[in-house]
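Take a look at the structure below.
The values are calculated or read from the model by the stated rules, or taken from the named source; none is laboratory data. Everything quoted here is computed from the prediction, not taken from an experiment. Using ideal geometry, Cβ is built from the backbone for each residue, glycine included, and neighbour counts are taken over all protein chains shown.
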Amino acid sequence: MIEWAVLIGLAAATLRVAAPLLLASLGETIAERGGLLNLGIQGAMLLGAFSAFIGAYFTGSLWIGLVSAIVGGVLATLLFGVLVVSLDLDHVVSGLAINLLASGLTLYFTRVLFTGGVSPYLGELFGPLPIPILSQIPVLGEVLFSQTGFVYLGLISVPLVYMLLTKTTFGIRLRAIGEDPVTASYLGINVVKMRYAALFAEGMLAGLAGGLLTISMFNTFDTRIVAARGFVAVSIVILGRWNPWGVLAGSLLFGFTEALSLRIGIIFPELSGASTIQLFALLPYLVALVALVAGGRRVRGPASLGKRIGKQ
Amino acid sequence: MTNQLVISRGTKRSIVRALLSVALTLVATSIIFLINNVNPFLAFIYMFQGAFGDINLLSETLIRMTPILIVSLGLAVSFKCKIWNIGAEGQLYIGAMLGTIVAIGIGGGPLALLAALVVGALGGLLWAAGPALMKVKLGINEVITTFLMNFVGIYLVQWMISYPFRSPDTLFPESAAIPSTSALAVILPRTRLHLGVVLALALVPVVYFLLERTTFGYKVKVVGESPEAARYGGIEVGRMIFVSLIFSGLLAGLAGITEVMGIQHRVRGSLSPGYGYTGIVVALLGQNNPLGVALASLFLAAIMNGSSTLAWTMNIPMGIVDLMQGLLFVFVLASEPLMRFLERRGVLKL
C-alpha cells in the first residue's frame, strides 16, 4: 500500500519539475503563435542555465543570476531571430544551429573557467517560498503553496500568456502573422518587429526555465543539464494545441512522468535495488513519444508555422 | 577542343560557400584564441600538426573520420529530402549494441564480423523506423521524435551494458569484448588504422551513385525541393521520406558497429563523443554532396584530433571542438545570404 505522504510528495515533485517545462513551453507557444518554429529553445534554455550559474557564482547574488538567465535566453532567441526573421533562413536548421552553438559555447567556457571542466556548487539557491496561511492548508498547502518562486511564476504566467494572446492587440496581431505573415504585412502590421518581440518574450521565459535548473534545482551547472527539456517543451506545445491552458496540462503530464521516474524507488520500495529501476530514466522520453503518437497526429498549428516568408 | 574540367555554377557556389564558412569559423575561433591570450596562427599550426604531423597522427585522424563519414553520408541523403534526422547518435548506439551482441554470440571469425555489421546497420535502421512511421503516418515532426529517441536509445544501451550484457571482468559498466578474430583488420602496420576506413571511403561513391544516378536519388531531391511538385509528378512522397530517414539510420547504425569492430572492441558509455551531432554539421558543410561530405568529415576529424594537441601544448580546453562545430553550423547557414549580398554588391562574381 502506497502511503499518503508519498503521494503528496509525488504531487509536489510533479509541480516542481514541471516548472521549467511550463515556462519554456509558454515561451514557445508565443513564438509559434507568430509562426516561428523555434527548436533553438533547447539552446536558449542551456544558455539561460549557464549564464544564471555564471552570474550567481561570480557575484554571489542569486538575483543577478536570475537576471543573467534572462539575458542568456534572450540572446539565444534574438540570434534565432537574426537567422529566421531578418535573413529568412530555414527555421529547423537555424534552431539546430542555435542549439549546437549554445552547447559549444557553454562546454568551452565551463572548461576555461573551472578546473577540470566541472562547475562548483553554489553556496545557496532559490528554495521553497511557502505562502503564509495558504501553505497551512492540509495537502493543498504542501503540494501547491510551498513551492519555489519559479513554480508560482509558471502558474501565474498561464492566464497572463492566455490573455496576452487572445485579449490584447499585440496577441491578435501576432496570431494574424502566424496564420499569414504576407497578408498581415499588407494590413500594416510590422511583421519583423512583432516577431522579434515574440522571440524576446520567449527568450525571457526560456532563459528563466533554464536558469531555474542551476540556481533553484541542481545548484550547479553541467552542459547536459537541460537534457531534452527544450524538445519536450516543443512537444508540449503541440499536445497543448498552442493554447496556454493545454500547455499547462501537458507540462503537468510530463512533470508527473519525470517525478515518477525519479521517485520510483520511494513509491515502490520493493523495486529499489532491482536492476530494472535504472530503466525508468528513459520513461519521460518514452511517454513524450507515446503522447505525440496519441495526441499529436495531424494537428493543425498556425498556418505559417515554420515556413520561410520567401517561400510563401 | 579543350580538355579542362567543367565545373557547373552550382558546384562553384557550393565550394565557395563551404570555404567561406570555414574561413569565418577560423576567424571567429581566432578571436576566441586572442581573448585567451593565445597566438591563433601558432594554435592552428599545432592543430594541423596534431592531426597530420606524422603517419601515426594521420592514421588516428582517419580513424576518427571513419564513423563521422559513415554517419554523415546517411544524413546527407535524408537532408537532401529535407528530413532532419537528429537522432543519429541514438541510432549509432543501438546499432553498436545489437551488432556487438551478435558478434559475441557467434563467437568470432569473419562470419561474426559480417553478421555484426549487418545487424548493427539494421539496428540503426530500426531505431529510425519509429520516427519515420510517425512522420509519414501521423505527420509528427521528425526533429522532435528522432531527438527524443536518442535519450531512449542511449539510456537503454547504458542499462544493457550495466546489467544484462555487462562484462563480468571489468569494474566499469561496459559490454564484454568482441572476439579478436572478428575485429576489423588493421591495414597499416604499427598503427590502429583498420578496414573500417576503407568501408567508409567505399561508401562515398556508392552514395554518390545512389543520389546522382538512380531514380531513387532523383525522387529524393524532388521531394526535398518541393513535396507539392513531387506529388504532382506522381512521386510517393511519404515513401521517399520514410526510406531516406531509415537509410540515414542504417548508416548511423553501421557507423556505431564499425567503431566497435575496428577500434573500441566493446560498447562503452563513451563510444561516441557525439558523432551523430557532428554528422549534422558535416552533412551541412559538405552540402549533402558525398565528396563534399568526405572532405568535411576529414576537416572535422582533424579539428577533433588537433585540439587534443592544442590542449597540452597551449592549454586550450578540448571544448574548443564543440565551439568550432557550433560556429561552423551558424556560418554555413549565414554564408548563403552573405554570398547573395556580396553578389549584389558586385564583390563576388560567380
Practice task
May I ask you to verify whether A:Leu75 is more than 10 Å from every other protein chain (Cβ to nearest Cβ), crowded, with 24+ Cβ neighbours inside 10 Å and either closer than 30 Å to A:Ser304 by Cα or in contact with an Asp or Glu (Cβ under 8 Å, 6 or more places away or on another chain) (or both)?
Solution key: no
Practice task
Select from the stretch B:164-175 the residues that are surrounded by fewer than 19 Cβ atoms within 10 Å (Cβ to Cβ) and closer than 20 Å to B:Gly123 by Cα and write down the one among them that is nearest to the other protein chains (Cβ to nearest Cβ).
Solution key: B:Pro164
Problem - Residues located in the stretch A:80-94, provided they are within 8 Å of chain B (Cβ to nearest Cβ) and part of a helix (DSSP H, G or I) - result: A:Leu83, A:Val92, A:Val93, A:Ser94
Exercise for the section: Being part of a loop (DSSP other than H, G, I, E, B), among the hydrophobic types (A, V, I, L, M, F, W, C) and buried (at least 22 other Cβ atoms within 10 Å of the Cβ) narrows it down to one of B:Leu188, B:Leu184, so name that one. Expected result: B:Leu184
Problem - Residues within the stretch A:25-40 that are outside any loop (DSSP other than H, G, I, E, B) and away from chain B (no Cβ under 14 Å), tallied - result: 6
Exercise for the section: Go through (1) among the hydrophobic types (A, V, I, L, M, F, W, C); (2) at pLDDT 95 or above; (3) more than 23 Å from the chain's Cα centre (by Cα) and name the single condition A:Leu62 misses. Expected result: (3)
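Per-residue answers, yes or no, for (1) more than 14 Å from chain A (Cβ to nearest Cβ); (2) surrounded by 23 or more Cβ atoms within 10 Å (Cβ to Cβ); (3) aliphatic (A, V, I, L, M):
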site	(1), (2), (3)
B:Ala103	yes, yes, yes
B:Ile106	yes, no, yes
B:Ala112	yes, no, yes
B:Ala115	yes, no, yes
B:Gly124	yes, yes, no
B:Leu133	no, no, yes
B:Gly139	no, no, no
B:Val143	no, yes, yes
Handout entry: Set B:Pro205, B:Pro227: member being under 22 Å from B:Ile246 (Cβ atoms) and modelled with pLDDT under 95
Key = B:Pro227
Completion exercise
Residue hits (the stretch A:137-160; of a type in the set (Phe, Trp, Tyr) and in a helix (DSSP H, G or I)) are A:Phe150, A:Tyr152
Exercise for the section: Test A:Ala291 against the stated conditions and say whether it is more than 10 Å from chain B (Cβ to nearest Cβ), small (Gly, Ala, Ser), surrounded by fewer than 19 Cβ atoms within 10 Å (Cβ to Cβ) and assigned to a helix (DSSP H, G or I). Expected result: no
Practice task
Looking only at the stretch A:243-252, decide whether some residue is within 14 Å of chain B (Cβ to nearest Cβ), touching a residue at least 40 places away in the same chain (Cβ under 8 Å) and assigned to a helix (DSSP H, G or I).
Solution key: yes
Fill in the blank from the handout: Counting only helices (runs of 4 or more DSSP H) wholly inside the stretch B:272-350, the ones holding at least 2 residues that are more than 27 Å from A:Ala76 (Cβ to Cβ) and more than 13 Å from chain A (Cβ to nearest Cβ) are B:290-314, B:320-344
